[in-house]
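The structure under discussion appears below in the form of structure tokens.
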Amino acid sequence: MSINQKRVVLILAGLLILVCTFFLLYQPNADKVLELETETAHYQSQISFLSTLQLQVNQLKKETPAYTEEMTEFMDKFPSRMTQPKAIYNVYRMMIKTGIRVKAIDPGVEQTFFNAGNLLGTGGDSAGTANSAGTANSAGTTDTSAVASPGGAEVDPEILVPVHEMVGKVTPYELTISGSLAQIEKALDWISENEEHMAVTDVSLTYDSSTGKLSGTMSVNYYAMNGNGVMYEEPDISGITIGSKNIFGTVK
């Protein structure tokens with residue numbers, strides 16, 4: 001074999017070694033490096049996301065006591081249960097405070113508006129009451145879908161349970177009323193500013209030119225929160241005169 005031939009063979013052998021090195025060593029490692037870089041970028045993104053979540057968790061830990069206190073104060077403003085005597089007593093108080101005349105009271109069916117930590121209905125009220133639970137719909141009723149069977153708080157409304165075990169109840173009452181515009185406005189304000197949760201869901205009035213007063217109906221939702229630990233006190237209605245044409249008789 002001549003020298004030139006040997007040189008060609010050496011060159012070809014060198015090229016073969018280079019090609020084998022590229023495909024057998026460099027290429028597989030390059031693919032592995034690219035795969036590792038992709039995984040590293042993914043993990044770095046997850047670390048950044050988890051770090052942000054940790055900051056949010058730390059912030060929530062700081063804010064949770066304040067939210068818990070606000071929630072407790074809000075729930076404590078509900079009576080643990082609302083009975084007809086208590087509802088009638090509140091109507092009587094409203095009448096005394098505002099001068100409005102209540103001719104009849106028609107209680108509706110108690111329904112559930114809060115259960116397992118969730119509101120079961122949405123809506124507003126015509127009086128714009130800021131202290132209402134805000135679950136009455138346009139028809140003055142609530143959505144009772146997905147209501148569980150009666151539990152501990154419903155059996156014994158005055159016990160104290162966690163918020164997610166409390167059960168909110170709403171009972172609509174339709175009042176037949178009459179009074180001046182000022183008296184009716186006072187009645188709406190009285191309901192809006194009352195320490196207990198109430199909401200006016202509908203008002204239907206007509207003007208009586210012979211008396212100069214408005215008369216008609218007003219629908220009021222009374223709310224209660226079973227399981228908030230508030231002891232129920234039966235109102236003393238022994239001094240309230242009950243009439244026929246005028247449900248509370250003649251109030252002086």
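The values are calculated or read from the model by the stated rules, or taken from the named source; none is laboratory data. Worth saying up front: this structure is predicted, and the values here are computed from it rather than measured. Counting neighbours? That spans all protein chains shown, and the Cβs are built from the backbone with ideal geometry, glycine included. In case anyone asks, the SASA skips ligands and DNA or RNA and just uses the protein heavy atoms, side chains included. Shrake-Rupley method; radii C 1.70, N 1.55, O 1.52, S 1.80 Å.
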P28 being modelled with pLDDT under 80, of a type outside the set (V, I, T) and open to solvent by less than 70 Å² (accessible area, probe 1.4 Å): yes
The lone exception for I184 - which of (1) within 14 Å of K103 (Cβ to Cβ); (2) part of a helix (DSSP H, G or I); (3) without any contact (Cβ under 8 Å) to a residue 40 or more places away in the chain; (4) not basic (K, R) it fails: (3)
Condition check for F74: at pLDDT below 90, part of a loop (DSSP other than H, G, I, E, B) and closer than 21 Å to G229 by Cα: no
Of all residues making up the range 53-73, the number that are closer than 18 Å to G117 by Cα and among the aliphatic types (A, V, I, L, M): 1
Residues of the range 194-208 satisfying the condition of being modelled with pLDDT of 85 or more and assigned to a loop (DSSP other than H, G, I, E, B): N194, H197
Subset of the range 82-137 (residues that are modelled with pLDDT of 90 or more and on the phi > 0 side of the Ramachandran plot): G99
Restricting the range 218-229 to residues that are in a strand (DSSP E or B) and either open to solvent by 40 Å² or more (accessible area, probe 1.4 Å) or of a type outside the set (S, T, N, Q) (or both), the residue that is farthest from M82 (Cα to Cα): M218
Residue that is farthest from G108 (Cα to Cα), among those in the range 162-217 that are open to solvent by 60 Å² or more (accessible area, probe 1.4 Å) and touching an Asp or Glu at 6+ places or on another chain (Cβ under 9 Å): D202
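Determine, yes or no, whether Y232 is within 27 Å of the chain's Cα centre (by Cα) and surrounded by 22 or more Cβ atoms within 10 Å (Cβ to Cβ). Lay out the reasoning, then the answer.
Numbers: within 27 Å of the chain's Cα centre (by Cα): yes; surrounded by 22 or more Cβ atoms within 10 Å (Cβ to Cβ): no.
Spelling it out, it is not the case that Y232 is within 27 Å of the chain's Cα centre (by Cα) and surrounded by 22 or more Cβ atoms within 10 Å (Cβ to Cβ).
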Selection from the range 87-119 of residues that are over 15 Å from the mean Cα position of the chain (by Cα) and open to solvent by less than 30 Å² (accessible area, probe 1.4 Å): A87, N90, V91, M94, M95, T98, I100, V102
Any chance V220 is closer than 19 Å to Q111 by Cβ, modelled with pLDDT of 85 or more and out of contact with any Asp or Glu (no Cβ under 6 Å at 6 or more places or on another chain): yes
Filtered residues of the range 74-88 (kept if over 17 Å from V220 (Cα atoms) and without any contact (Cβ under 8 Å) to a residue 24 or more places away in the chain): F74
